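Here is the structure we will look at.
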Amino acid sequence: MFNKRDSSSSENQPAPRTPPRNESSATEHRTETPRPVTPPGAKDIAIIGSSISINGELKGAEDLIVQGRITGTIELKSNTLTVGPEGRIDAEVFAHTILVEGTVNGDLYASERISIQKSARISGNILAPRISLEDGARFKGSIDMDSESEKFRKAFEAKPSKPGASTNGKADESTSDKAASSQQPHAGPGQKNGKISGSAA
Amino acid sequence: MSLPTRTSLRAPLLGELLEPSGSRSRRVWLDLGSVTQGLIERLQNTRSRLVIAALDAAAREREPDCFDFKKRFAAGLLNEPVDTVLCWDLLNYMNANQLQCLSATVARLAGPGARIHALIYYSNPMMPDLPGRFFPGSGAELEMIEGARSKIQALRYSPKALQKAMPKLEVERTLLLNNGMQEFIFELRLD
């Protein structure tokens with residue numbers, strides 16, 4: 001329920017809160033913008049705007065829409081990452097679901113699905129049990145749909161990741177899989193310090 | 001200048017390659033062309049890794065090194081042996097030296113028993129001057145979009161000519177398709 005307040009408040013309405021002021025004792029009526037109530041069941045969504053650039057390790061437990069730039073590592077293992085049309089990611093990504101409309105240079109790991117839209121530009125490796133790709137998308141790299149591989153299992157093992165830990169090459173795959181050593185994961189420059197430094201572009 | 005034409009054809013040898021083998025072992029595919037949803041769908045629910053080279057896009061953009069295999073497939077790029085190579089119509093746009101280099105590259109990247117699939121312009125003396133795009137459907141269905149530009153003379157490689165140009169590969173099977181192309185399956189020779 002919204003609780004709207006006008007600037008000309010009625011006598012029955014409580015007086016709006018005003019911040020303390022040093023210079024004047026005049027009371028200032030402020031209109032408070034009603035805060036919308038999140039409907040029950042709705043998920044929180046974080047948005048990184050187009051002017052935002054982040055360098056480092058980004059972890060969270062909510063869906064994320066990237067319209068700016070992220071370099072480093074993104075870990076949203078139970079949530080959805082969306083790379084908007086203007087978004088750019090130079091990072092290694094671990095998420096439940098990944099939707100790409102923008103530019104990605106790096107490896108994408110999804111436990112559920114990766115959807116690549118026609119405006120996407122991807123250079124890297126993607127690993128998910130389900131992948132969809134629109135005609136027109138530009139992709140260079142590899143698409144791994146083998147959810148039984150050691151690489152996939154290790155990517156979504158429930159263990160805390162340490163800062164800089166993911167800069168190591170991934171462990172060898174099991175003997176039941178083909179292959180030798182894995183490729184080096186894409187590591188952003190901010191990854192080793194484990195800190196996020198945000199800056200407006 | 002002609003508009004791009006879309007052709008539906010049947011490529012039985014490709015269809016056989018894409019059929020799930022029933023085995024649950026991991027397979028690595030090297031697609032020299034661009035990735036398509038159709039190919040992804042065919043490989044979904046299998047333990048497959050699809051490596052995309054997108055050489056057709058490079059050729060269409062007239063990149064000078066589009067067939068420089070030593071550069072594009074540098075050592076260490078692929079860390080697992082390849083089981084199947086999909087060449088689509090790209091061999092038609094390679095000269096003898098490039099074919100030989102491709103043969104050597106495949107021999108380096110592929111594992112024992114690897115198969116290489118290709119489509120060669122054979123019946124028609126002319127072909128589009130740029131590689132096309134190919135969209136596998138179900139079974140042997142294959143949709144092809146030709147380049148939008150004019151035609152050039154087709155090299156019309158014969159099985160013997162391809163064998164000579166790619167000494168590491170051996171022609172295993174060929175099939176003439178209804179659009180005048182010839183479908184090839186090569187096997188990697190174990191010397």
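The values are calculated or read from the model by the stated rules, or taken from the named source; none is laboratory data. Model, not experiment: these values are computed from the prediction. With ideal geometry, Cβ positions are generated from the backbone for all residues, glycine too; neighbour counts draw on all protein chains shown.
Condition (residue is under 21 Å from B:GLY33 (Cβ atoms) and more than 14 Å from chain B (Cβ to nearest Cβ)) applied to the range A:126-146: is it met by at least one residue?
No, the range A:126-146 has no match at all.
Taking the range B:96-110 only, how many residues are touching a residue at least 40 places away in the same chain (Cβ under 8 Å) and surrounded by fewer than 19 Cβ atoms within 10 Å (Cβ to Cβ)?
Here is the first cut: in the range B:96-110, the ones touching a residue at least 40 places away in the same chain (Cβ under 8 Å) are B:96, B:99-100, B:102-104, B:106-107, B:109-110.
If we keep only those that are surrounded by fewer than 19 Cβ atoms within 10 Å (Cβ to Cβ) too, we end up with B:96, B:100, B:104, B:107.
The total comes to 4.
Give me the residue from the range A:147-158 that is part of a loop (DSSP other than H, G, I, E, B) and surrounded by fewer than 22 Cβ atoms within 10 Å (Cβ to Cβ) and, out of that set, farthest from the other protein chains (Cβ to nearest Cβ). Reasoning before the result, please.
The initial filter retains those residues of the range A:147-158 that are part of a loop (DSSP other than H, G, I, E, B), namely A:147-149, A:156-158.
If we keep only those that are surrounded by fewer than 22 Cβ atoms within 10 Å (Cβ to Cβ) as well, we get A:147-148, A:156-158.
Working: A:SER147: 8, A:GLU148: 6, A:PHE156: 17, A:GLU157: 19, A:ALA158: 23 Å.
Checked the range A:147-158; the qualifying residue farthest from the other protein chains (Cβ to nearest Cβ) is A:ALA158.
Yes or no: B:ARG27 in contact with an Asp or Glu (Cβ under 7 Å, 6 or more places away or on another chain) and either crowded, with 17+ Cβ neighbours inside 10 Å or at pLDDT 90 or above (or both)? Break it down into steps so the answer makes sense when it comes.
Values: in contact with an Asp or Glu (Cβ under 7 Å, 6 or more places away or on another chain): yes; either crowded, with 17+ Cβ neighbours inside 10 Å or at pLDDT 90 or above (or both): yes.
Answer is yes for this residue.
Please verify whether the range B:101-109 includes one or more residues that are facing chain A (nearest Cβ under 8 Å), in a helix (DSSP H, G or I) and at negative phi. Before the answer, list the steps.
Initially, the range B:101-109 is screened for residues facing chain A (nearest Cβ under 8 Å), giving none.
No.
Taking the condition of being free of Cβ contacts under 8 Å to residues at least 40 places away in the same chain and under 12 Å from A:ASP144 (Cβ atoms), how many residues in the range B:27-43 meet it?
2
Anything in the range B:1-49 that is β-branched (Val, Ile, Thr) and under 17 Å from B:GLU80 (Cβ atoms)? List them, or say none. Write out each step before concluding.
Looking only at the range B:1-49, we keep the residues that are β-branched (Val, Ile, Thr), and these are B:5, B:7, B:28, B:35-36, B:40, B:46.
Scanning the range B:1-49 gives B:VAL28, B:THR46.
Could you list all residues from the range B:44-58 that are buried (at least 20 other Cβ atoms within 10 Å of the Cβ), in contact (Cβ under 8 Å) with a residue 24 or more places away in the chain and facing another protein chain (nearest Cβ under 8 Å)?
Result: B:ARG49, B:VAL51.
What number of residues within the range B:13-35 are more than 7 Å from chain A (Cβ to nearest Cβ) and in a loop (DSSP other than H, G, I, E, B)?
From the range B:13-35, those more than 7 Å from chain A (Cβ to nearest Cβ) are B:13-25, B:27, B:29-34; that's our starting set.
Filter once more, keeping what is in a loop (DSSP other than H, G, I, E, B): B:19-25, B:32-34.
The number of residues fulfilling the criteria is 10.
Taking B:LYS71 and the conditions (1) within 16 Å of A:GLY141 (Cβ to Cβ); (2) more than 8 Å from every other protein chain (Cβ to nearest Cβ), which numbered condition does it fall short on, given that it satisfies the others?
(1)
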